[in-house]
Amino acid sequence: MKISSNRFSWLAVLAIAFSVAAGCQSSRNTCCSSCSMTAATCSMPAPAAPPTKASQAAMTPQQALVELKDGNARFVAGYPLHRDLPADVKATAAGQYPYAVVLSCIDSRQPIEIVLDQGIGDIFSARVAGNVLNDDVLGSMEFAGKVSGAKLIAVIGHSNCGAIKGAIDDAQLGNLTGLLAKIKPAIDTVPADVQPRTSKNYKFVDDVSEANVRLVMQQIRERSPVLREMIDNGQIGLVGGMYDLSTGKVHFFEK
Ligand SMILES: [Zn+2]
């Protein structure tokens, strides 16, 4: 009886391990509805499918955040969902129902769909150096939320950001000067005891980057009555986060 029990335990462990390896840990992966299939049948998972009008409508802001968190966990673990991209192109040709809009930096080391393991049709993506806010990005967010039904706005900065360093160093270059000026108010919000306040101090740079994310979140509320009303009504969520270039992890702010 004891031997049988142990054997069962080992089989269960192996089945779970194989399921995780096959990307079965996500509720959005249809490879096995309850992840109770045998390893053999789970080795060829059906591809994850883009959101539909019904699935988008059914999703809450909290669930949308879980999707992003789960996607980043899959990316970090090295087990992204299996996708059939040509099929996803066809499936989304007539319409799109993304569940989130994400503002992030242009940094080549933080391709946001990849690090959050999102596919075609999953998220709107706005990228600009230093993930700063401007009227066009704000208008894009309003389109994503009010017109297209996205349930979450995510602002994601990252460690060791060149744009943040440029703002700290007061870099001057063509149109970049105006972009960096949008970041500078965040510098003063970092506590004075964080020293030295230079771009050589990684902690200071990352503190400014996080402050910049919080500033953008505040600006979204202040500058968009459309989104503020949706946020206050619980129709859309607003979350910030920081991507760590050295680990691949996104730390989402709790508040
Ligand atoms: Zn950056």
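Summary table
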read-out: Members of region 119-144 that are of a type in the set (S, T, N, Q), open to solvent by 10 Å² or more (accessible area, probe 1.4 Å) and not in a loop (DSSP other than H, G, I, E, B); value: 125, 140
read-out: Top-ranked residue in region 89-118 [being without any contact (Cβ under 8 Å) to a residue 24 or more places away in the chain and not hydrophobic (A, V, I, L, M, F, W, C); ranked as least open to solvent (accessible area, probe 1.4 Å)]; value: 111
read-out: In region 152-209, the residues that are away from the ligand (no atom under 11 Å from the Cβ), open to solvent by less than 70 Å² (accessible area, probe 1.4 Å) and either part of a strand (DSSP E or B) or at positive phi (or both); value: 152, 153, 154, 155, 174
read-out: Count of residues meeting criterion [closer than 20 Å to residue 62 by Cα and among the charged types (D, E, K, R)] in region 122-156; value: 4
read-out: Condition check for residue 110: in contact with a His (Cβ under 7 Å, 6 or more places away or on another chain) and either among the polar types (S, T, N, Q) or under 17 Å from residue 48 (Cβ atoms) (or both); value: yes
read-out: Entirely in region 25-118, the helices (runs of 4 or more DSSP H) that have 1 or more residues that are of a type in the set (A, V, I, L, M, F, W, C), within 16 Å of the ligand (Cβ to nearest atom) and modelled with pLDDT of 95 or more; value: 112-115
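The values are calculated or read from the model by the stated rules, or taken from the named source; none is laboratory data. Since the model is a prediction, treat every value here as computed from it, not as a measurement. With ideal geometry, Cβ positions are generated from the backbone for all residues, glycine too; neighbour counts draw on all protein chains shown. What goes into the accessible areas is simple: the full protein's heavy atoms, side chains included, and nothing from ligands, DNA or RNA. Shrake-Rupley method; radii C 1.70, N 1.55, O 1.52, S 1.80 Å.
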